1. Filter region 160-178 for residues that are surrounded by fewer than 16 Cβ atoms within 10 Å (Cβ to Cβ) and assigned to a loop (DSSP other than H, G, I, E, B) and give the result.
2. Sort out which residues of region 124-141 are part of a helix (DSSP H, G or I) and touching a helix residue (DSSP H, G or I) at 6+ places or on another chain (Cβ under 8 Å), and write them in order of number.
3. If you go through region 92-108 one residue at a time, how many are out of contact with any Ser or Thr (no Cβ under 7 Å at 6 or more places or on another chain) and either among the aliphatic types (A, V, I, L, M) or surrounded by fewer than 24 Cβ atoms within 10 Å (Cβ to Cβ) (or both)?
4. In region 17-31, which residues are among the hydrophobic types (A, V, I, L, M, F, W, C) and surrounded by fewer than 22 Cβ atoms within 10 Å (Cβ to Cβ)?
5. Give the residue that is surrounded by the fewest Cβ atoms within 10 Å (Cβ to Cβ), with candidates limited to residues of region 140-159 that are free of Cβ contacts under 8 Å to residues at least 60 places away in the same chain and under 14 Å from Lys127 (Cα atoms).
6. Only one of these conditions is not met by Lys120: (1) under 28 Å from Ala15 (Cα atoms); (2) part of a helix (DSSP H, G or I). Which number is it?
7. Whether any residue in region 209-224 is crowded, with 21+ Cβ neighbours inside 10 Å, farther than 19 Å from Ile19 by Cα and at pLDDT below 95 is what I want to check.
8. Which fully enclosed strands (runs of 3 or more DSSP E) of region 1-100 have 2 or more residues being closer than 24 Å to His173 by Cβ and modelled with pLDDT of 95 or more?
Amino acid sequence: MAVMCVFFSARLQAAMPYIVVEAQSGAVIDQVDADVPWYPASLTKLMTLYLTFQSLKKQQISLNTVLVVSAKASRQPPMKLGARRGDKITVRKAIQALATVSSNDIAVVLAEAISGSEKKFAESMSKQARVLGMKDSVFKNATGLPNADQISSARDLAILARRLLLDFPEYYHFFSNRTVEYKETTFVSHNGFLNSYPGADGFKTGYTCGSGYNLVASASNKGNRLIVVVLGAKSSKQRGRRVKELMNKGFKADTDAPGLKLLGLRGSVSVRLEAPAVIHGSHCQSL
């Protein structure tokens with residue numbers, strides 16, 4: 001199946017925005033272009049999971065609730081579990097599928113189960129973003145598959161990651177899963193950071209050809225936890241190296257010193273999204 005892909009200008013792709021945040025206090029340790037609008041790719045699923053955890057907390061669903069796969073969900077492009085129309089999956093397994101291997105088909109299953117349709121779910125995603133203080137974010141789908149109107153920023157994604165930690169600590173363990181099994185097939189996590197950095201236990205990767213290689217990462221060291229967001233890397237290796245560098249630098253920083261809060265004054269944005277070129281290609285996936 002061909003997948004629509006939206007490209008940034010070369011100037012914007014080279015920027016690689018990032019932010020480093022002390023998780024408990026929300027203090028910003030370091031940032032560059034953290035407010036530049038960016039296509040979130042599968043980091044979108046962090047909000048899909050936030051609303052799922054919220055529904056669990058409100059007891060609208062449970063981890064054992066059985067969901068039915070719709071025709072629309074089954075037609076989603078990779079990455080996906082390969083669920084067919086009429087298949088059944090529990091909420092627990094659905095969460096694992098999103099957090100571990102960024103399954104697009106199961107993201108739509110959750111969206112439809114919670115809001116009745118993916119469109120209504122996306123509207124709830126954008127509303128929740130406003131509640132959390134994510135001023136740069138607009139969501140149009142539950143998957144992160146290319147949509148020119150779906151944007152976020154490094155700061156907003158750090159806000160979301162921190163709220164996942166603080167609001168739903170009982171579900172945070174899902175982000176450290178390395179594998180998920182479905183129909184006798186074992187799917188392995190795309191998040192190599194989990195295995196390559198001491199103390200790493202979350203969150204998620206994201207990639208489309210329009211966004212580049214994105215990562216929201218979390219790790220703890222001697223009781224201190226950092227959240228790092230890197231967007232627009234040119235490869236998964238570059239993404240991993242940059243996150244490690246920022247983590248190492250962040251853990252050496254004086255986090256007891258007063259600093260700008262995550263929800264505080266935002267920097268000026270010198271780069272804006274330009275009218276995107278649109279191409280088609282099977283490599284342009286949301287991972």
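1. Arg178
2. Once the filter is applied, which keeps residues that are part of a helix (DSSP H, G or I) and touching a helix residue (DSSP H, G or I) at 6+ places or on another chain (Cβ under 8 Å), region 124-141 yields Ser124, Met125, Gln128, Ala129, Leu132.
3. 6
4. Ala23, Ala27, Val28
5. Restricting to residues being free of Cβ contacts under 8 Å to residues at least 60 places away in the same chain and under 14 Å from Lys127 (Cα atoms), the top hit is Lys140.
6. Every condition holds for Lys120 apart from (1).
7. Yes, region 209-224 contains a residue that is crowded, with 21+ Cβ neighbours inside 10 Å, farther than 19 Å from Ile19 by Cα and at pLDDT below 95.
8. Fully inside region 1-100 and qualifying: 18-22, 66-68, 88-90.
The values are calculated or read from the model by the stated rules, or taken from the named source; none is laboratory data. All of these numbers come straight from a predicted model, not from anything done at the bench. Here the Cβ is made from the backbone with ideal geometry for all residues, glycine too, and neighbour counts use every protein chain on show.
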